[in-house]
Ligand SMILES: Cc1cc2nc3c(=O)[nH]c(=O)nc-3n(C[C@H](O)[C@H](O)[C@H](O)COP(=O)(O)OP(=O)(O)OC[C@H]3O[C@@H](n4cnc5c(N)ncnc54)[C@H](O)[C@@H]3O)c2cc1C
Ligand SMILES: Cc1ncc(C[n+]2csc(CCOP(=O)(O)OP(=O)(O)O)c2C)c(N)n1
Ligand SMILES: [Mg+2]
């Protein structure tokens with residue numbers, strides 16, 4: 001049966017199992033929207049800004065592991081998606097972004113609302129396509145989804161001129177996809193795996209350093225099995241949180257700039273680091289020259305460009321985390337006697353780590369007069385569901401969440417790590433809630449960042465997405481203020497928000513509920529009230545304004561040179 | 001160190017800019033770049049001459065491999081490839097220098113492809129080092145214009161790039 005290009009796009013989405021898209025209409029996608037009007041198999045959510053729509057698709061992808069889909073019109077609609085695309089790209093999130101484009105005959109003419117969105121997004125997409133012929137739509141959509149989700153995932157942009165949406169063609173969706181120039185290497189080399197296990201079993205001070213790849217590759221189970229089998233201490237990056245249960249005694253928590261003292265000390269004193277889907281970001285290594293000076297490094301990553309990019313690697317294994325971990329477990333099981341000996345021999349190492357844990361645990365000074373942000377996070381953990389999904393914005397509140405929430409399941413923390421995009425938290429939670437209407441979805445934001453996409457309150461109310469919005473209000477751009485306090489003589493240049501916002505009224509203006517408190521004694525009550533509400537809620541906590549995120553590795557310092565209290 | 005890298009690419013819209021972006025976006029240097037179709041339908045071959053330390057070159061090669069439209073990347077380390085380049089050179093040639101230009105052309109087995117009473121235009125092909133050498137000799141006589149193709153390279157021996 002012949003149909004128009006717009007309809008073909010929707011049929012492709014359906015074939016890919018897409019149930020929800022986030023999009024905003026305009027002149028060059030009006031045909032697509034006209035088809036959507038009567039297309040019942042896909043839920044379309046209208047955000048109030050294309051950036052938010054893109055973050056929502058991203059949040060949907062992070063929470064589900066499926067490909068998130070966003071739609072925008074050409075020109076300003078497309079450029080509004082750029083921050084969302086770059087955010088997803090930096091954290092390797094699978095997404096397909098469909099942008100309208102001016103008719104093919106006008107491309108290159110500076111036509112109304114024309115931008116070269118493929119050119120603009122080239123450095124922040126995994127790949128992109130301009131569809132010039134209606135007959136190519138199905139093949140390209142198939143490739144776009146395949147590229148987005150396979151190997152190292154990432155956002156793929158599909159630029160769709162208006163005339164291609166109008167033109168007619170037969171629709172048939174390809175069963176398989178084959179791209180001769182793109183063949184991600186998923187199977188870890190058995191010889192390398194064997195060597196890795198050999199190196200591991202002869203280590204005395206091993207550390208498993210886990211990153212977002214373990215979440216993206218759905219390897220939490222295998223990771224946990226291997227670590228428990230060999231009693232390996234596990235530390236995770238911000239992006240890796242949740243891939244290994246933090247309530248397990250083997251967990252060292254997060255490492256890096258605001259990581260746990262014990263995690264950073266363990267890395268520095270380790271003789272063998274197994275990096276699993278982690279990319280040795282500068283927030284994690286500190287000064288590279290003094291990073292893990294005594295350790296041999298095994299690096300497991302699906303993307304060869306991640307390996308040896310920042311640090312030397314003794315044994316690279318290119319492959320999918322789950323495949324490699326699975327093979328490692330089997331290899332360990334082959335020689336179980338050696339494994340038992342190995343475990344016993346780790347006792348002194350565990351003792352040393354316990355010493356670091358006891359010496360400088362992650363902590364804070366409680367107050368009876370003013371709300372400590374860390375206390376709010378702890379209370380949120382205590383009072384929320386076990387499988388609650390938490391998104392954060394970017395800043396101090398993000399780090400307090402990472403330090404104090406305790407993540408025990410994968411895909412329960414959605415946070416912008418690589419780009420550090422303020423404005424991410426609220427729309428990302430919106431996407432997660434759309435995917436999981438029955439789970440508790442909480443976004444933890446600062447007073448600054450929440451205002452970067454606050455308009456999405458309307459989307460939440462309209463679509464009955466009961467996201468619980470927690471605002472840790474210090475009336476400061478707190479993270480920047482902290483740097484100014486520590487490194488710029490307290491010269492608070494443009495970090496004080498001056499104008500206090502009435503967030504309760506703001507919630508009410510959108511038809512939502514708002515609660516606020518500045519008293520430590522009321523924290524629990526407010527959280528309980530907020531959680532009880534059926535709809536979206538703002539819970540504002542006016543916190544100690546000058547509280548700092550500690551410990552901290554100052555920029556350029558070594559991992560073991562942590563500022564513990566300042 | 002200088003490296004010559006051959007890149008086999010799908011002849012798709014935007015491939016050249018993806019490759020160029022990869023270099024410019026990361027501050028990698030390109031000395032020369034050529035691209036043209038191959039004997040295989042839809043397949044083009046680029047030859048890129050670039051420089052940098054070994055770690056940077058390894059990163060460049062990996063990043064190139066990662067681009068979706070790129071089928072194969074071959075880094076020709078010294079000696080494993082034959083390289084050729086062509087130059088078109090317009091030189092001043094008047095009175096006594098006319099004979100000198102012809103002598104140089106002859107020695108380098110180059111060709112005169114255009115003549116005027118005041119100039120010769122020369123076509124020279126060969127290894128880039130040879131091109132450098134002929135230019136060195138022509139320069140004092142008055143180089144008016146120079147166009148180089150940049151190097152193209154092919155592996156030595158009986159095997160093709162597919163092995
Ligand atoms: C204010 C702020 C403070 C921060 N402080 C810290 C901090 O203290 N500590 C910290 O850790 N981070 C911190 N970050 C985050 C930091 O910037 C980086 O985003 C983070 O460290 C990167 O995490 P990662 O190494 O796990 O890499 P990711 O970006 O999650 O990359 C995943 C890696 O896994 C690979 N991969 C993907 N899928 C697979 C698969 N299936 N199989 C194998 N490999 C796969 C990818 O190729 C990639 O190399 C902070 C960010 C902000 C905004
Ligand atoms: C879009 C964007 N602009 C600027 C920054 C730089 N930045 C990082 S954290 C931060 C302060 C955030 O303040 P707030 O949202 O109130 O959170 P807090 O740190 O106070 O918890 C700023 C400005 C950023 N990360 N993203
Ligand atoms: Mg703030």
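Derivation of every value follows stated rules applied to the coordinates shown; laboratory data play no part. Predicted, not measured: the structure shown is a model, and the values here were computed from it. Note that we place each Cβ from the backbone using ideal geometry, even for glycine, and neighbour counts take in every protein chain shown.
Annotations for the structure displayed:
- Normalised contact order of the range B:1-79, rounded percent, pairs of Cα under 8 Å and 6 or more residues apart: 47
- Highest-first arrangement of A:104-113, A:1-10, A:260-269, where packing means the average Cβ count within 10 Å: A:260-269, A:1-10, A:104-113
- For the range A:509-566, the mean projected area of the C-alpha convex hull, equal to one quarter of the hull surface, is 6.6 nm².
- With all pairs of different C-alpha atoms in the average, the Kirkwood value for the hydrodynamic radius of the range A:259-400 is 18.5 Å.
- Taken over the alpha carbons of the range A:1-53 as equal point scatterers, the Debye sum produces base-10 log I(q)/I(0) values at 0.12, 0.20, 0.31 Å⁻¹ of -0.26, -0.72, -1.35.
- Relative contact order (percent, whole number), the range A:345-442, Cα cutoff 8 Å, 6+ residue spacing: 29
- Over chain A: helical MRE at 222 nm, DSSP H runs n ≥ 4 each giving -39500 (n - 2.57), nearest 500: -11000 deg cm²/dmol
- Cα gyration tensor category, rounded, prolate or oblate, for the range A:392-493 with a/c compared to 1.5: prolate
- When the range A:36-153 is reduced to its Cα atoms, the Kirkwood hydrodynamic radius in Å: 14.8
- Over all directions, the projected convex hull of the C-alpha atoms in the range B:26-117 averages 9.6 nm² in area.
- Within the range A:409-566, the proportion of Cα pairs with more than 28 Å between them is 26 percent.
- Relative intensity of the range A:469-533 on a log10 scale, I(q)/I(0) at q = 0.14, 0.18, 0.22 Å⁻¹, equals -0.57, -0.78, -0.94, per a Debye sum over C-alpha point scatterers of equal strength in the absence of solvent.
- For A:294, A:55, order by how many other beta-carbon atoms lie within 10 Å, fewest first: A:294, A:55
- Neighbour-count order for A:563, A:18, A:96, fewest beta carbons within 10 angstrom listed first: A:563, A:18, A:96
- Acute angle (nearest 10 degrees) that the helix B:96-107 long axis makes with the longest principal axis of chain B, alpha-carbon atoms: 40
- Counting Cβ atoms of other protein chains within 10 Å of each Cβ in A:297-305 and taking the mean gives 2.
- As a proxy for reagent exposure, ranking A:508, A:35 by other Cβ atoms within 10 Å from fewest up yields A:508, A:35.
- Mean per-residue shielding of peptide A:126-134 is 2, counting Cβ atoms of other chains within 10 Å of each Cβ.
- Across q = 0.11, 0.26 Å⁻¹, the range A:166-243 modelled as identical point scatterers on its alpha-carbon atoms has Debye log10 I(q)/I(0) values of -0.49, -1.31, in the order of the q list.
- Taking the convex hull of Cα positions in the range B:63-154, its mean projected area over all directions (nm²): 7.6
- Fraction in percent of alpha-carbon pairs per bin - 10 Å, the range A:391-434: 28, 58, 13
- The mean number of partner chain beta-carbon atoms within 10 angstrom of a residue's beta-carbon across peptide B:64-71 is 5.
- Shape annotation for the range B:1-46: C-alpha extents along the principal axes are 32, 22, 11 Å, from largest to smallest.
- Tensor-based shape of the range A:337-388 (alpha-carbon gyration tensor, a/c under 1.5 rounded, otherwise prolate or oblate): oblate
- For the range A:100-171, the Rg and Dmax computed from alpha carbons only, in angstrom: 12.9, 37
- Compactness of chain B was expressed as the Cα radius of gyration divided by 2.2 N^0.38 Å, which yields 1.21.
- Computed over all pairs of different Cα atoms, the Kirkwood value for the hydrodynamic radius of the protein assembly as shown is 28.4 Å.
- Nearest 10 degrees, 0 to 90: helix B:54-66 Cα axis against chain B principal axis: 70
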